[in-house]
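Below: one structure, written as structure tokens.
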Amino acid sequence: MNKLSWVVLLIIFSGLCFAQSYFYIAGTDNKLKPEIVVNATPTTSTVTWYTSIPQVHADRIANAFRIETGIDVKIVRNSTFIVRERLMSEIEKGKTEADVVTIADIGTFIELKNQGHLMKYTTPYYEYYPEEYKDPDYWAVFAAFGMCMAYDESRINTLPQHWTDLLDDRWRGRIGLEDINTAGSQYGQYYILREKLGVEFWEELLSVQNPKIYYRTEELADALLEGEIDIAGEFSIHTVYNYRVKKGTSIRGIYPEEGIPLILNPVAIINQTDHPEEAKKLLDFLLSQRGQELMQRLNYKYSIRGDVTPLDGIPTIDNLNMLQPKNAVEYGRKRSEYIPEFNSFLGGRK
Amino acid sequence: MKEKLKINSLKKKTILFVLIITALCTVVSAFIVYQVVEVQMTDRYEVDKEAAVESLSYSLAPMLDLYDYKQVERAITSSLTYEGIASIAVFDDSGTLIRSAAEQNVHVEDLDVKKCNITSNGKVIGSFEIGFSKEYINEQIRTTVGALVFGLMGFFVLTGLVLYPLTRHAVIDPLKAFTETVKEMDPENFSMRMKVYRDDEIGTLAASFDQMAENIEKSHRELKEAHYKLQEAKEGVDKEVEERTTELKKAKEEAERANQIKSIFLASMSHELRTPLNSIIGFTGIILQGLAGELNDEQKTQLEMVYGSSKHLLALINDLMDISKIESGELEPDLEEFNLAETGIEVRDSLKPKAEDKGVELIWEMPDITVVSDERRFKQILVNLVNNAIKFTQVGEVEVKAIEKDKNIEVMVKDTGVGMNKEDIHKLFAPFVQLEYTVSEEKGTGLGLYLVRNLVRLLNGDIRVESEYGKGSTFTFTLPIKYV
């Protein structure tokens, strides 16, 4: 073998060494991890929960329940009136999946009870709830929240102090509201303030001030922060708390002295339930001190239970002039009348 | 093939050296790399594990606090994407499993499981178990070491490939040129030059070599010239030596011829002289005995002088005859067996009267052995030596002693006579030399010891003398018991 052959051979050898070195490194990088097998808490049975609270909160509450009881929770979540529509439709058809229901419309519960669609169950936790927040043996308020106004502190200096200040020309086209067709809170506000301020208030606000309608609370908050609107005419106190304290934004709440509509979100068991025992356990859990504390910590809404300490940094029910429907039955009955009215004031738009 | 494999050139040695260095560097590097990597990676893995545990504990706390199990699931499955983590299980404060995630087919015995509590606001809200793969770190070490070792090996081979041509250019090629130049040189041609022009040691060596070659060439030229001159001178000397040798040879031949003629002459003359001398001695003796009439005192004295001179002359002639025969090579030993003691007694008896006349004691000791030699010449030698001893001894004794020694007979003649100086001993055996130590009126011929030495040599023997002036002399001669 001549000299050149040796040199070529050694260069090839050297190259092979480098290649081997590279393959060692590349082999590590390209190595596929084995498939991952995930196991969750083992469960024995399932209960279906129709709810309007945010999915993320519902999931976590269900997790806590699952850990405590070993019962899996199937969550059906949507806006209050969409859940209501589905539930009513299923009941009308003779069969619903729902075992337990929590939506922000007390009228629905009165209606369901009156129609005999709620299961009678006396939870041991009823005693912790005042009379006005429960219907003994059928339902109690799982969560309550007040509806205030909100604004972006970094942009707005002069604020409306009263609901009627929203009728000022200054706010024309700069007010945001939620869609009454889906949001139970928007209906509750409309109903309570209509009782308080009269239909003219709403007529002028909706038809003259030309408010913008949003389909989710988060969209309304984004509109505020982005300057699309100056005032959110319908904004829950717990959402203000979330955006101010938890998210650290410049959204602040306005709490008119004449009153803050208090929206109630009861919980009840549907009579057609296939899992009555699991449903009772879920209802117990939701109304228990632990369930209430969890709800309050996750969702920042008010617990009606006296033994649940309110969150720091959020106005309490006692400190605000909370307004409730004078007649809960009327509240439910007027829904079919007031929602079209709201829409008609808006000029037929939804 | 075997010749090819021999490491007999600087080039091969350099290649071998580079190969050995490369291999050595690779082995040593591999060893060091393994040691360092193993320690560092193991330590780092431990730190990583601690960090993973702490990080997971920190991130899981709010999730557990808010029952965000989807996030828990996301957190633990994403943690599993990290190499080394093979399983994670999260529990609530009562120990109920919330979520667990693990790589498929993972076995607990292959895992290093660490347990950790999850706390929120100082309260234990849950715990988790995290399983680290034991094989992972070994795999990592193997991979890293493998990558480094192969990388280093490649690097060293490349370095060797670069170093070899540099070394060849710097050292081997000049030395090769140097070697070829030296090879081309022969005693008749020192004109080759290195022609390497560099500033380093090789250049210095080449310049020194060129200078040396030039000096050698010059010296060689001068040496050659000197050699030619020397050759010429030698031829002249040889010629002269040859001439002288021829002359000397001729002179030697002439001298030998002359000596031979001299010996023949002496033998003839001695014979011719001895016959009348014997007559003179015989008749003078008859007259002295008074057989031819009475002699007065004066006549008697005169005749006694004639008688003595004649006898002396006869002895001189006899000695001369013997010497001439020996020198001319005519004298041959007459070998016969004889008894040493008996022969010695004969000699003793013949000389005893003379010794007694002088009052010298004659001590005689000879072994009773048979000797094969020339008895007559033996006697002649012994008589000469003992006679001389008696002659040069005024008072005291003459001791004659013979001993058998090896295959020889050693005869010692020792006297207590006048002796001689050491510087005169070497003159003792020269012909016609008479030293000035005479204590007797009896005159010698000056040939006695010269003859004795030649006779001893004729009988394949040897003779030596020890003497001290005033204390006496010792003559010792040695003869073979059986003449060869």
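Values in this text are rule-based calculations from the coordinates and carry no lab data. Just so it is clear, the structure is predicted and the values come from calculations on it, not from any experiment. Quick reminder, even Gly has a Cβ in these numbers, built from the backbone with ideal geometry, and neighbours come from all protein chains shown.
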Problem set entry | Partners for B:LYS407 among lysines (Cα-Cα distance below 29 Å; same-chain residues under 8 apart left out) | B:LYS325, B:LYS379, B:LYS482
Problem set entry | Calculated on alpha-carbon atoms, Rg and Dmax of chain B in Å | 60.6, 189
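Where a ≥ b ≥ c are the square roots of the eigenvalues of the C-alpha gyration tensor, would you call the range B:247-368 rounded, which needs a/c under 1.5, or, failing that, prolate if a/b is larger than b/c, or oblate?
Values: a/c = 2.77, a/b = 1.29, b/c = 2.15.
It comes out oblate by the Cα gyration axes.
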For this session: Please go through the range A:71-105 and write out the trypsin sites (Lys or Arg not before Pro) that DSSP classes as loop and that have at most 10 other C-beta atoms within 10 Å.
Result: A:LYS95
Problem set entry | Tensor-based shape of the protein assembly as shown (alpha-carbon gyration tensor, a/c under 1.5 rounded, otherwise prolate or oblate) | prolate
Exercise. Roughly how many Å is it from the Cα centre of the range A:125-191 to that of the range B:259-298, as a whole number?
Worked result: 195 Å
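What percent does the relative contact order of the range B:2-165 come to when contacts are Cα pairs within less than 8 Å and at least six residues apart? Don't jump to the answer; show the numbers that get you there.
Details: 185 pairs, mean separation 44.7, N = 164.
For the range B:2-165, the relative contact order is 27 percent.
Explain nothing, just the number: dipole magnitude of the range B:270-332 about its Cα centre with +1 on each Lys and Arg Cβ and -1 on each Asp and Glu Cβ, in debye rounded to the nearest 20.
Details: 4 positive and 10 negative charges, 28 e Å.
Here the range B:270-332 has a charge dipole of around 140 debye.
Evaluate the Kirkwood expression for the hydrodynamic radius of the range B:333-480, namely the inverse of the mean inverse distance over all pairs of different C-alpha atoms, and round to one decimal in Å.
On the way: mean 1/r = 0.0650 Å⁻¹.
Evaluated on the range B:333-480, it is 15.4 Å.
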Exercise. Straight-line reach from B:LYS250: which aspartates and glutamates have a Cα under 13 Å away, not including same-chain ones fewer than 8 places off?
Worked result: B:GLU242
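Within the range B:271-377, which GluC sites (Glu not before Pro) sit in a loop by DSSP and count at most 12 neighbouring Cβ atoms inside 10 Å?
B:GLU294, B:GLU330
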Problem set entry | Under 28 Å from the Cα of A:LYS212 - lysines, other chains or at least 8 residues apart | A:LYS196, A:LYS246, A:LYS247, A:LYS301, A:LYS334, A:LYS350
Exercise. In the range B:2-165, what is the volume of the convex hull around the alpha carbon atoms, normalised per residue and reported in Å³?
Worked result: 148 Å³
Exercise. Pairs B:LYS12/B:LYS176; A:LYS3/B:LYS195; B:LYS176/B:LYS218: which are spaced more than 18 Å apart, C-alpha to C-alpha?
Worked result: A:LYS3/B:LYS195; B:LYS176/B:LYS218
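Given the DSSP H assignment, sum -39500 (n - 2.57) over each helix run of at least 4 residues in chain B and divide by its residue total; what's the result at 222 nm in deg cm²/dmol, nearest 500? The partial results should precede the final answer.
Working: 11 runs with 288 residues, N = 484.
Only helices count here, giving -21000 deg cm²/dmol.
Could you tell me whether the range A:1-120 comes out rounded, prolate or oblate from its Cα gyration tensor? Rule is a ≥ b ≥ c as square roots of the eigenvalues, rounded for a/c under 1.5, then prolate if a/b exceeds b/c, otherwise oblate.
Values: a/c = 6.08, a/b = 4.47, b/c = 1.36.
Here the range A:1-120 falls in the prolate category.
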Problem set entry | Percent antiparallel among DSSP beta bridges (both partners in the range B:333-480, rounded to 5) | 80 percent
For this session: Over chain A, calculate the relative contact order: mean separation of alpha carbon pairs under 8 Å at least 6 apart, over the residue count, as a percent.
Result: 24 percent
Exercise. What residues have an amide H closer than 5 Å to that of A:ILE251, excluding those fewer than 5 places away on the same chain, when H is modeled at 1.01 Å from N in the peptide plane?
Worked result: A:GLU153
For this session: In square nanometres and to one decimal, what's the mean projected area of the convex hull around the Cα atoms of the range A:101-206?
Result: 9.1 nm²
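Using alpha carbons only, what's the Rg to Rh ratio of the range B:85-219 with Rh from Kirkwood? Intermediate results must be reported in sequence, preceding the final value.
On the way: Rg = 37.1 Å, Rh = 22.1 Å.
Expressed as Rg/Rh, it is 1.67.
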Exercise. Could you work out the helix-only [θ] at 222 nm for chain A, with each DSSP H run of four or more residues adding -39,500 (n - 2.57) and the total divided by the number of residues, to the nearest 500 deg cm²/dmol?
Worked result: -13000 deg cm²/dmol
Problem set entry | Loop-located trypsin sites (Lys or Arg not before Pro) in the range B:119-195, at most 11 other Cβ atoms within 10 Å (DSSP) | B:LYS195
Exercise. Once amide H atoms are placed 1.01 Å from N in the peptide plane, what residues at a sequence separation of 5 or more from B:LEU362, or on another chain, have their amide H within under 5 Å of its amide H?
Worked result: B:VAL398
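Percent antiparallel among DSSP beta bridges with both residues in chain A, to the nearest 5? Could the numbers behind the result be given before it?
Numbers: 22 of 39 bridges.
If we restrict to bridges inside chain A, about 55 percent are antiparallel.
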Problem set entry | DSSP beta bridge pairing in the protein assembly as shown, given as percent antiparallel to the nearest 5 | 75 percent
For this session: With θ set to phi - 60°, apply the Karplus curve 6.51 cos²θ - 1.76 cosθ + 1.60 along the range B:237-254 and write out the HN-Hα couplings as whole Hz, x wherever there is a Gly or Pro.
Result: 5, 4, 4, 5, 4, 4, 5, 5, 4, 4, 5, 5, 4, 5, 5, 5, 4, 5
